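For reference, the structure I am asking about is given below.
The values are calculated or read from the model by the stated rules, or taken from the named source; none is laboratory data. Treat the numbers as computed from the prediction; the structure is a model and nothing was measured. Note that each Cβ is placed from the backbone with ideal geometry, even for glycine, and that neighbours are counted across all protein chains shown. SASA here: full protein model, heavy atoms, side chains in, ligands and nucleic acids out. Shrake-Rupley method; radii C 1.70, N 1.55, O 1.52, S 1.80 Å.
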Amino acid sequence: MIPITKYSKIGHICVTTRFIRPSGAIFLSPLVLETVVFAMTAFKVYQAAKISPTHLPPLLHVLFRDGLVYYVVIFCARTLCIIIFFALPFQFMLLGINFLWAIVATMITRFFLNLRIVSRLEEGDFSLGNSKNVREWPSFLPTTQIGGWQKLQS
């Protein structure tokens, strides 16, 4: 059964109207890859915990924490896409794919923002609520303490 493509006047795009069911592997392959990456990350957590059970460096903590959150969320989203692909009509699959793309983009952005925060923490640039390390505010911001951040007094 060869996929058939037709032009959709509603979306002004070409869409596939028929799929070969084994092509559902397109969702399963990345899921397997992410599971392998997560398993390797979990192994590294285990190794780091054996070396220093009481304290992990902040960078490793963020990598492990966000890696776990990323895996759980993406696993659920990909599983949803697989269920949609095999059980529901084609229109729902497009919804699942767009949802998956949005989730992946959000999770990767969250991951990079958290890495940026931890890199600044390691440099001593700022702290969240700790009065020992403070970040200098630009001159246009108020000088009062806001959310644990305060203006650096010269």
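Over the Cα atoms, compute the radius of gyration (one decimal) and Dmax (the largest Cα-Cα distance, rounded to a whole number) for the stretch 1-115, in Å.
Rg, Dmax (Cα atoms, Å): 18.6, 61.
Here is a follow-up. Quick one: Karplus J couplings for the stretch 28-40, per residue in order, coefficients 6.51, -1.76, 1.60, θ = phi - 60°, nearest Hz, x for Gly and Pro?
In residue order, the calculated couplings are 6, 4, x, 5, 5, 4, 5, 5, 5, 4, 5, 5, 5 Hz.
For the stretch 65-81, in order, what is each residue's ³J(HN,Hα) by Karplus, 6.51 cos²θ - 1.76 cosθ + 1.60 with θ = phi - 60°, in whole Hz (x at glycine and Pro)?
Residue by residue, the stretch 65-81 yields 4, 5, x, 5, 4, 4, 4, 5, 5, 5, 4, 5, 5, 5, 5, 4, 5 Hz.
At R0 = 22 Å, how high is the FRET efficiency between His61 and Thr35 if r is their beta carbon distance? Nearest 0.05 is fine.
Values: r = 22 Å, r/R0 = 1.01.
For R0 = 22 Å, the calculated efficiency reads 0.50.
Rounded to a whole number, what % of the accessible area of the stretch 52-114 do carbon and sulfur atoms account for, probe 1.4 Å?
On the way: 3160 of 3920 Å².
Using a 1.4 Å probe with all protein chains present, the stretch 52-114 comes out at 81 percent carbon and sulfur.
First check a/c for the stretch 32-94, with a ≥ b ≥ c the square roots of the eigenvalues of its C-alpha gyration tensor; if it is under 1.5, answer rounded, and if not, answer prolate when a/b is larger than b/c or oblate otherwise. The partial results should precede the final answer.
Numbers: a/c = 5.29, a/b = 3.25, b/c = 1.63.
It comes out prolate by the Cα gyration axes.
Can you list the HN-Hα couplings for the stretch 88-99, worked out from phi with the Karplus curve (6.51, -1.76, 1.60; θ = phi - 60°), rounded to whole Hz and with x for Gly and Pro?
These are the phi-based 3J(HN,Hα) values: 10, x, 4, 4, 6, 5, 4, 4, x, 5, 5, 4 Hz.
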